[in-house]
Amino acid sequence: MPEALNTLTNILALHRIVVISLVPKDSLTYGKGSMGLFRKDVLGHVVFLKRLLFLSVGVVTYPGLQWLNRLRISGTEYLANLRKNNVLFVSNHQTYFADVISMFHVFSSVKWGLRNSLANPAYLLDPSLNVYFVAAEETMRAGILPRILAYAGSVSVQRTWRDKNREVKRQAKMKDFSNIATALDNGWVVTFPQGTTTPFAPGRRGVTHLIRQYQPTVVPVVLNGFSKVFSKKGIRLRSIGKQLSMRFKPPLEMDYAEDPDLMLGRIMEAIEQSAPQSSTRS
């Protein structure tokens, strides 16, 4: 009887932890005038649903990162003392979604006090929600799954150089910059300066406009192995038993008045995507 009571007590305690973990606590993610389970983040997404989404996606993707393959993480000590908002992570891009999902895993593990490790998946119960990522509007609308993932924190923007398979040249939408600014004002934002998964593609100057205007802390990230392990969309596993790596570098020392081309060159060098005779495009 005592053993049964202890078991029941443990089950009830675990149930309480799960329920409590799904109740929004981080005030930075809440929209004004929202209450209880219907509180929204600054992009208008219900925080309770985001928590359920993080938990679901996290449980599905964790084995591919930690058990079937091995994600080697380094540099999370640079994240420990970052401010809670206006931080911009700049990274190379290897898959559409696996890159960002993996970063969300790492950010949440750091929130739980882990360093360079995903060893304790309990962090999925209380993930880091003040994280957003910049993604192409057409990518996030291409199917049900991308739309679901977009709810996790996508700041969708219209590409200025391509529309589906057509080359175009158009002005950036001011609303896109405004949405990114809102996300920066309330948390961390991940962006991929190349705007494509093609290795050593030239960087695009949109990232320098963001940095010069909003003056965030800029943290470079270097990814390796994701294109070998995951499909291009980053949803399906292509192989197992491989080594993945995610390396965070120290925040860049920024001169916010620096020439945009020079700034972009330093960013591309920091994420190890500089290529001989590469050119930049707006």
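Tell me, which residue of the range 228-267 that is small (Gly, Ala, Ser) and over 17 Å from the mean Cα position of the chain (by Cα) is nearest to Arg83 (Cα to Cα)? Quick ask: steps written out before the conclusion?
First, the residues of the range 228-267 that are small (Gly, Ala, Ser): 231, 234, 239, 241, 245, 257, 265.
Subset that is over 17 Å from the mean Cα position of the chain (by Cα): 231, 239, 241, 257, 265.
Details: Ser231: 34, Ser239: 37, Gly241: 36, Ala257: 22, Gly265: 25 Å.
Result: Ala257.
The single condition from (1) surrounded by 21 or more Cβ atoms within 10 Å (Cβ to Cβ); (2) in contact with a Phe, Trp or Tyr (Cβ under 7 Å, 6 or more places away or on another chain); (3) not β-branched (Val, Ile, Thr) that Ala135 fails is (2).
Among the residues of the range 54-69, what is the count of those that are surrounded by fewer than 19 Cβ atoms within 10 Å (Cβ to Cβ) and either over 11 Å from Leu124 (Cα atoms) or among the β-branched types (Val, Ile, Thr) (or both)?
Qualifying residue count for the region: 6.
Quick one: in the range 100-112, of everything that is in a helix (DSSP H, G or I) and touching a Phe, Trp or Tyr at 6+ places or on another chain (Cβ under 6 Å), which residue is nearest to Asn130 (Cα to Cα)? Restricting to residues being in a helix (DSSP H, G or I) and touching a Phe, Trp or Tyr at 6+ places or on another chain (Cβ under 6 Å), the top hit is Ser108.
Could you grab me the full set of residues in the range 188-226 that are in contact with a Phe, Trp or Tyr (Cβ under 6 Å, 6 or more places away or on another chain) and under 23 Å from Asp41 (Cβ atoms)? Residues satisfying the conditions are Val189, Val190, Gln215, Val219, Val221. Taken together, the criteria exclude Gly241 from residues that are touching a residue at least 24 places away in the same chain (Cβ under 8 Å) and buried (at least 22 other Cβ atoms within 10 Å of the Cβ).
Among the residues of the range 36-86, just one is polar (S, T, N, Q), in contact with a Lys or Arg (Cβ under 8 Å, 6 or more places away or on another chain) and in a helix (DSSP H, G or I), namely Thr76. Within the range 41-51, is even one residue of a type in the set (Phe, Trp, Tyr) and out of contact with any Gly (no Cβ under 9 Å at 6 or more places or on another chain)? Among the residues of the range 41-51, not one is of a type in the set (Phe, Trp, Tyr) and out of contact with any Gly (no Cβ under 9 Å at 6 or more places or on another chain), which makes the answer no. For Ile144, the criteria (1) more than 21 Å from Lys228 (Cβ to Cβ); (2) touching a residue at least 40 places away in the same chain (Cβ under 8 Å) hold in every case but one, which is (2).
Values in this text are rule-based calculations from the coordinates and carry no lab data. Please read these numbers as outputs of a predicted model, since none were measured by experiment. All Cβ positions, glycine included, derive from the backbone under ideal geometry; neighbour counts span all protein chains shown.
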